[in-house]
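Coordinate-derived values only; no laboratory data. A quick note: this is a predicted structure, and the numbers were derived from the prediction, not measured. We place every Cβ from the backbone using ideal geometry, glycine too, and count neighbours over all the protein chains shown.
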Amino acid sequence: MIFSGLLLLAAFILAINIYNGLISLRNQVDRAWSNIDVILKQRHDELQQLISICEQFAGYERATIDRLVQARTQYGAARSISEKVVASGAVSSALSGLLAIGEAYPELKSSDQFNQIQQRISAIEEQLADRRELYNETVTNYNIRCQQFPDAIFANALLYKTLELFRVETHERTTPNLKMKLPK
């Protein structure tokens, strides 16, 4: 009788530990994403300044600027994490193209405003890379727990599904086109 009571108590304690561990990991994933979202918002805000500066110096690079404006708008309209991940990738790709404009225009490259905003965006991009790494680590730990026995039983009961990692999109892996269209 005592043995069965101890066994039942041990099973109850194990169940509580599994449940609390899954809840803790889920909250860590949410926090890690929130940290990424904060950095993406900062980048979003800085981009408007960068666009304005580039328009002043290189107004005829409209296609490159429009690509960034469109990507920025797409990010603003994104609702789910997966939509924000895709939109963030489009912003990164467009941003690299816009920053390349600075290399083609000496007057833009020598602008203090452009250099300051470029440095701020570079710092934001570094923070974003660090936070993406932490997010992926947290999601991996969460996914492992959701798939391992006996945790998977509780994860299924709580309707916890495995989550996607923050991946680099194919277009982000390509080098931006640095050939500029000069005015006629």
Please identify the trypsin sites (Lys or Arg not before Pro) of region 3-88 that satisfy two criteria: DSSP loop assignment and at most 12 other Cβ atoms within 10 Å. Which are they? Arg79
If amide H atoms are modeled at 1.01 Å from N in the peptide plane, then the residues at a separation of 5 or more from Ser111, or on another chain, having amide H under 5 Å from its own are none
Among Ala157, Ala32, Ala123, which one shows the biggest mean-square fluctuation in a GNM of the chain, springs joining Cα atoms closer than 10 Å? Ala157
Highest GNM mean-square fluctuation, the chain, Cα pairs closer than 10 Å: which of Thr64, Thr138, Thr162? Thr162
Could you go through region 71-84 in sequence order and give the Karplus-derived ³J(HN,Hα) for each residue, using 6.51 cos²θ - 1.76 cosθ + 1.60 with θ = phi - 60°, rounded to whole Hz, and x for Gly and Pro? 5, 5, 5, 4, 5, x, 8, 5, 10, 8, 4, 5, 5, 5
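Listing Ile18, Ile65, Ile144 from the residue with the fewest other Cβ atoms within 10 Å to the one with the most, what is the order? Don't skip to the end; give the middle numbers.
Working: Ile18 18, Ile65 21, Ile144 12.
Lowest count first: Ile144, Ile18, Ile65.
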Hey, with R₀ at 22 Å, roughly what FRET efficiency would Ser110 and Arg62 work out to, going by the Cβ-Cβ distance, to 0.05? 0.50
Residue farthest toward the positive end of the dipole of region 21-173, with Cβ of Lys/Arg at +1 and Asp/Glu at -1: which of Gln28, Ser122, Pro150? Pro150
Listed residues Leu159, Leu68, Leu99, most fluctuating in the chain (Gaussian network, C-alpha, under 10 Å): Leu159
Along the Cα→Cβ direction, 7 angstrom out, place labels at Leu134 and Asp30. What is the inter-label distance in nm? 1.7
Once both label points are put 7 Å beyond Cα along the C-beta direction, the Phe3-Asp37 separation in nm becomes 5.2
What net charge do the residues around Lys84 carry, taking every other residue with its C-beta under 11 Å from that of Lys84, with Lys and Arg at +1 and Asp and Glu at -1? 0
³J(HN,Hα) across region 113-130 via Karplus (A = 6.51, B = -1.76, C = 1.60, θ = phi - 60°), whole Hz, x for Gly/Pro? 4, 4, 5, 5, 5, 5, 5, 5, 5, 4, 5, 5, 4, 5, 4, 4, 4, 5
Where Rh is the Kirkwood radius over the Cα pairs of the chain, the temperature 10 °C and the viscosity 1.306 mPa s, what D in µm²/s does Stokes-Einstein return? 83
In nm, give the distance between the simple-model label positions of Gln148 and Lys161, each being 7 Å from the Cα along the Cα-to-Cβ direction. 2.4
